[in-house]
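Structure, as structure tokens:
No lab work stands behind these numbers, since they all come straight from the coordinates. Being a predicted model, the structure only gives us computed values, none of them experimental. All Cβ positions, glycine included, derive from the backbone under ideal geometry; neighbour counts span all protein chains shown.
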Amino acid sequence: MSSHRRPIGSKAKFKRKVVFPKNRSGGMATPENNPARDGDGDGEQEQEQAQEQQAYWSAAEQVPAMHLKLPLLIDGHVTETSRKQLGVAQMIMKEVSQTPLPLLERATHVDFLLGPLHNGLSSRYTGLDASRPWIFYWCINALTLLGEDVGRYNERAISSLKPLQHKDGGFGGGNGQSQHMAAVYAVVLTLAITAHHAARDLPEAERMDVYARSFSWINRARLLQWIRRTKLPNGGFKVNEGGEEDVRAGYCALVTLALLGYDEDELKGDPAQGEKPLLDGVLEYFKRCQTWEGGIAAKENSEAHGGYAFCVLAGLCLLGEPREMLSKYLDLDRFISWLSARQYAPEGGFSGRTNKLVDGCYSTWVGGCWALVEAAANGIESAGSPVKMHVGSMWSRKALIRYILTCCQGPRGGLRDKPGIYPDFYHSNYVLIGLSAAQHYYYYDDDEDDDEYGGASSAAEGARSPFRHAFRWKASRNVPKPSDPRDGRAGGWEEGLVPSEEDRVGMQHPLFNIPLGAEAQLESWWRLFKGAQ
Ligand code: FPP
Ligand code: K
């Protein structure tokens, strides 16, 4: 029985079924052979394997000691938050020590996320009227992580998002509202995802048609002019004209420009109009946001926070190779030290900042940083050749997976910050992206076969994209262990990250946070579309 059809409200009724991937020796996977997309494998073979592996799992499922005791060192300076933290650690210790580890309750989460798409939202949600594109993105992307086909929502996404386009360029968060960078970002991601699914099994011509319907109505010239008006002299961006400045605005602007196919010519601006290249100074601006702790703040001279750290790391990698960018624009050792301190025991989850509590959403913001740091540490890899000299995991993937499966699943579907807090669409998406980051290994692929644009065909004419490096990311369904330092021999694969294939979620692009492969399809369509104009 497919896990998608498991009855709703099945929590605790289903014992962990032990199923292993067919190819346990691993191997780099591309979006095309992503098993999460293929659904369940062959039942009989799985059952045979299940018996054979039972012994391994009963041993491996012993709860690691780190989840069973409170930290040895507790700061003597008592504050409201430190008291809360102790209570949370005690409460979570009970949850994370469960055996067997609960399954990912896929069907109930799917049901939770389909709610707003099929039934609309109640009046309780009027406060989110300016976040319409966010709700689309969170639900749509989370559904893809759970293996759902969201192509059937593409036409509705287009018709719902079109009215949010502002006459002066950009998008608002609700009908008739003024523009906001986060709204623009969420609109672009939503369309990139639904178009990708709507187009994926169609012949070439029809595929292009889906993309034309999804994107050609966006006024790119006016959008660019609007983004220009959010640019700051310090290199950063504001969320809108007169709005606040933070690295999130910079990251959202870069993602928008990358996914909407802007090239160097378009971004360089017209000196006759007093325009400067739009990306001038942004890397140095990101660099200045690193703090004394080693983490990264919303803007200069502020407090380091995981949410902003992800924006800066991903922002840097949108514009270059991970190893070069992270070592050039960050004090990487100091950053790693701060990032390591974000994972707590006994909880296993991440906090966003020093002396604050774990929250499931940091599975993406902090977990997503780890994917990029590991890629930087491992350097450039090629899908064609075996991986050499791996540093292995620099964080505990298993501890995060344990935190997510035991603490972040709402009993009636949806994912959450922590036990005792209601699930919501935001946490559902970011807990699942974090689960994906823990289950998979991401790498930057400098394969020579790719053309300058990192895409499939090289029909490209015209100016280069400053974002070409962002389209070179691949994922492996297995996570490499450290290589032997004496001879560089590969260390094999980390076992037990996906104890049951039913728990496996889809692969995401580590910079864009959309399904891996959606970015490449969109990019190749822009090239055809712009070439034809
Ligand atoms: C602190 O809230 C939260 C922030 C300061 C914002 C965090 C930023 C993000 C989540 C990144 C957003 C990125 C994009 C692309 C939109 P809090 O004080 O309630 O939480 P805390 O105690 O965990 O710090
Ligand atoms: K919080």
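Just a few scattered comments:
- 37 °C / 0.692 mPa s Stokes-Einstein diffusion coefficient of the stretch 210-353, Kirkwood radius on C-alpha pairs, µm²/s: 200
- Here the stretch 182-333 is assigned +1 on the Cβ of each Lys and Arg and -1 on the Cβ of each Asp and Glu. Its dipole about the Cα centre then comes out at about 340 debye.
- With a cut-off of 20 Å on the backbone N, the residues of the stretch 333-352 near the modelled label site 7 Å out from LEU72 along Cα-Cβ are 340-348.
- For the pair ASP149 and ALA212 in one chain, pulling the backbone fully straight at 0.36 nm per residue adds 20.7 nm over the alpha carbon distance.
- Label point distance in nm, SER159-ALA272, each placed 7 Å from Cα along Cα→Cβ: 4.4
- Per-residue Karplus couplings for the stretch 513-524, computed as 6.51 cos²θ - 1.76 cosθ + 1.60 with θ equal to phi - 60°, are listed in order as 6, 9, x, 4, x, 5, 5, 5, 5, 5, 5, 6 Hz, Gly and Pro entered as x.
- Other residues with beta-carbon under 10 Å from the beta-carbon of GLU275 carry, at +1 per Lys or Arg and -1 per Asp or Glu, a net charge of +3.
- The 3J(HN,Hα) values that the Karplus relation (6.51, -1.76, 1.60; θ = phi - 60°) gives for the stretch 147-164 are, in residue order, x, 7, 8, 9, x, 5, 9, 4, 5, 5, 4, 4, 5, 7, 8, 3, x, 7 Hz. Gly and Pro appear as x.
- Anisotropy class of the stretch 94-164 from Cα gyration tensor, a/c 1.5 cut: prolate
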